[in-house]
1. If P123 meets every condition in (1) modelled with pLDDT under 90; (2) assigned to a loop (DSSP other than H, G, I, E, B) apart from one, which number is that one?
2. Using the structure shown, decide if V286 is assigned to a strand (DSSP E or B), modelled with pLDDT under 95, in contact with a helix residue (DSSP H, G or I) (Cβ under 8 Å, 6 or more places away or on another chain) and closer than 26 Å to V183 by Cβ.
3. If you go through the stretch 301-336, how many residues are in a helix (DSSP H, G or I) and of a type in the set (D, E)?
4. Could you check the stretch 225-236 and list, in sequence order, the residues that are within 13 Å of the ligand (Cβ to nearest atom) and either part of a loop (DSSP other than H, G, I, E, B) or within 17 Å of I152 (Cα to Cα) (or both)?
5. Please go through the stretch 209-224 and give me each residue that is open to solvent by less than 30 Å² (accessible area, probe 1.4 Å), assigned to a loop (DSSP other than H, G, I, E, B) and more than 15 Å from the ligand (Cβ to nearest atom), ordered by number.
6. Looking only at the stretch 162-203, filter to residues that are open to solvent by 30 Å² or more (accessible area, probe 1.4 Å), part of a loop (DSSP other than H, G, I, E, B) and more than 16 Å from the ligand (Cβ to nearest atom); which one of those is farthest from E148 (Cα to Cα)?
7. Taking D206 as the residue in question, decide whether it is in contact (Cβ under 8 Å) with a residue 40 or more places away in the chain and away from the ligand (no atom under 16 Å from the Cβ).
8. Can you list the helices (runs of 4 or more DSSP H) found entirely within the stretch 381-456 that contain at least 2 residues being out of contact with any Gly (no Cβ under 8 Å at 6 or more places or on another chain) and among the acidic types (D, E)?
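The values are calculated or read from the model by the stated rules, or taken from the named source; none is laboratory data. From a predicted model like this one, the values you see are computed outputs, not experimental measurements. Glycine also receives a Cβ, built like all others from the backbone with ideal geometry; neighbour counts cover every protein chain displayed. Side chains included, ligands, DNA and RNA excluded: accessible areas come from the protein's heavy atoms. Shrake-Rupley method; radii C 1.70, N 1.55, O 1.52, S 1.80 Å.
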Amino acid sequence: ETITVQELANRMAERGGNVIKTLMKLGVMATINQVIDADTAELVVEEFGHKAKRVSDADVEIGLVSGPDTEAEMMSRPPVVTVMGHVDHGKTSLLDAMRSTDVVSGEAGGITQHIGAYQVQVPSGDRITFIDTPGHAAFTAMRARGAEVTDIVVLVVAANDGIMPQTIEAIRHAQAAKVPMVVAINKIDLPEADPNRVRTELLQHDVVVEEMGGDVQTVEVSAKKRMNLDKLVEAILLQSEILDLKANPDRTAEGAVVEAKMERGRGSVATVLIQRGTLRVGDTFVCGKEWGRVRALVNERGERVEEAGPSVPVEVLGFNGTPEAGDDFIAVEDEAKAREVSGYRQRKDRETQFVKSARGSMEQMFERIQAGEAKELPVVIKGDVQGSVEALIGTLEKMGTDAVKVRVLHSAVGGINESDVTLAKASDALIIGFNVRANPQAREMARRDGVEIRYYSIIYNVADDVKALLTGMLEPTY
Ligand code: GDP
C-alpha cells in the first residue's frame with residue numbers, strides 16, 4: 001500500500017503539478033499517477049509545511065498531530081465513570097441517584113436533560129463525570145471506534161440476585177479495557193440482600209475485592225432508598241486518586257463523541273467529552289468525517305456555556321454533518337484545515353467501504369468453510385505472557401473436527417499491532433487478544449477492514465467461543 005502523487009496532492013489540498021515540482025526538488029522524477037513510498041510522501045508533506053503522521057508502515061495521514069504535553073502543564077481532572085451490570089440490577093436507578101448528589105443544580109434538582117453524560121459536583125467540591133448510557137454495549141461500541149473515555153467502571157450487582165451473565169460480561173469488558181472497577185452492591189434495602197455472597201461470587205470471576213484481600217472496592221448501596229451514595233462517591237474518588245488522572249487544559253481541545261443526533265431546528269448536535277484542552281465557542285473542529293465551528297456549547301442542565309475543559313461533557317452545536325458515537329473530536333486552527341481533513345477522511349471512508357465489500361470478511365470465510373472450500377479457521381493469537389499464549393495454542397489446536405481445523409497463523413507475546421491486522425486481513429483470520437489490547441492504529445485498521453479482534457482474559461472463554469464458531473460453521477452441512 002503506497003500512495004499516488006495525485007492522492008497525496010488531494011490529501012494536502014495542493015495541486016498535483018506543485019507536488020511533482022516538489023518531488024523533483026527532492027530528486028524524485030514522478031508523474032501524476034505514479035506511486036511513491038510512504039517515506040517520500042512524508043518528506044513531501046513536510047515540504048508543504050503540513051504535519052505528517054504515519055498511520056502505518058505504508059501510509060501517511062496529514063495534519064492533526066498534536067504534540068505531547070509537558071508534566072508541568074498537566075492538571076488533575078475528574079474521573080469519567082461508566083456504570084455496568086446485569087439488566088434490572090439498578091444501573092439506571094443508580095445513575096439517577098448519583099445525579100441527585102450534585103450540589104450545583106441546587107435543591108430543586110434543576111432541569112436536567114439527557115445529553116449522554118453528566119458531571120456532578122459532590123459536597124467536597126470534587127467532580128465526577130458519568131456516562132449516562134449504562135451497559136457495556138455502548139462502552140464496547142465506543143472502544144471499537146477507538147475511543148477510550150472511561151476511567152472507572154462502576155459494576156452494579158443486585159445483592160438479592162448476585163452475579164448474573166451480564167455481570168460477567170461487564171467484568172470481562174472492564175478487564176479487557178484494563179479499566180479498574182468499583183463494585184456497587186445494590187438493593188441492600190431488600191430483606192433477602194446478601195452482599196457477602198456477591199463478594200464471594202466475584203472471586204470466581206477474577207475480581208478480588210478488598211474484603212478478600214484484593215484491591216477492588218465494594219460499596220453497599222440502595223439506589224432506590226439513596227443509601228450510602230456518599231460512600232460510593234468516596235470510593236470513586238479514591239480510585240480516581242490512585243489513577244492520578246491528569247490532562248492539560250491549556251491547549252486546543254480533543255475529545256470523543258458520546259452521543260450524536262439530528263435535531264429539528266438545531267441541526268446536528270453531538271455530546272463531546274473533552275479529554276484534553278479546552279473547547280470554546282467559535283472553535284473550528286474536525287470530528288470523525290465531519291467538521292464544523294462551535295456555534296454554542298450547552299451543558300446537561302440546558303445552560304449555555306462559553307467553554308468546556310478536560311472531563312467535561314458538553315453538547316456541541318455547529319456541525320456540518322452528524323458524527324457517530326466514539327468518533328474523535330479535535331479542534332483545528334482554521335476552516336481550510338478542517339475541510340481538508342474531513343474531505344480526506346470522507347474519501348478514505350468511501351474507498352474502504354468499497355474494499356470491504358470487495359474483499360472477504362470473516363463471514364465470507366465461514367461461508368467458504370461451510371461450502372467445503374476452506375478447511376481451516378485461521379487465528380492470530382496475541383497474549384500478555386508466553387505461558388498463556390502456549391496454553392491457548394494447545395487448547396485451540398486440539399479443538400478442530402475432521403472437517404475444520406483451527407490454524408494458528410501467528411502467535412506472540414505483546415499487544416495487537418498493524419502487522420497482526422494486516423496478516424489477519426490477508427487470511428480472513430480472527431485475532432484473539434488475551435489480556436492484551438490493539439494499539440489505536442491497529443484498532444482503526446481492523447475497523448476499516450472488517451477484521452475481527454476478540455479480547456479475552458480467561459482461556460475457557462476463548463475455547464467456548466471458538467467452539468461456537470466451529471460448530472456454527474458446520475451446522476448447515478448436516
Ligand atoms: P437497570 O436495568 O440495571 O438499569 O435497572 P433499573 O435501574 O431500571 O432498576 C430495575 C428495578 O430495580 C426497578 O424496578 C428499580 O426500581 C429497582 N431498584 C433499583 N435500585 C433498587 C434498590 O436499591 N432497591 C430496590 N429495592 N429496588 C431497586
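1. (1)
2. no
3. Total satisfying the criteria: 1.
4. K225, R226, N228, L229, L232
5. G214
6. Checked the stretch 162-203; the qualifying residue farthest from E148 (Cα to Cα) is P180.
7. Judged against the criteria, D206 is a match.
8. Here the list reads 386-398, 418-427.
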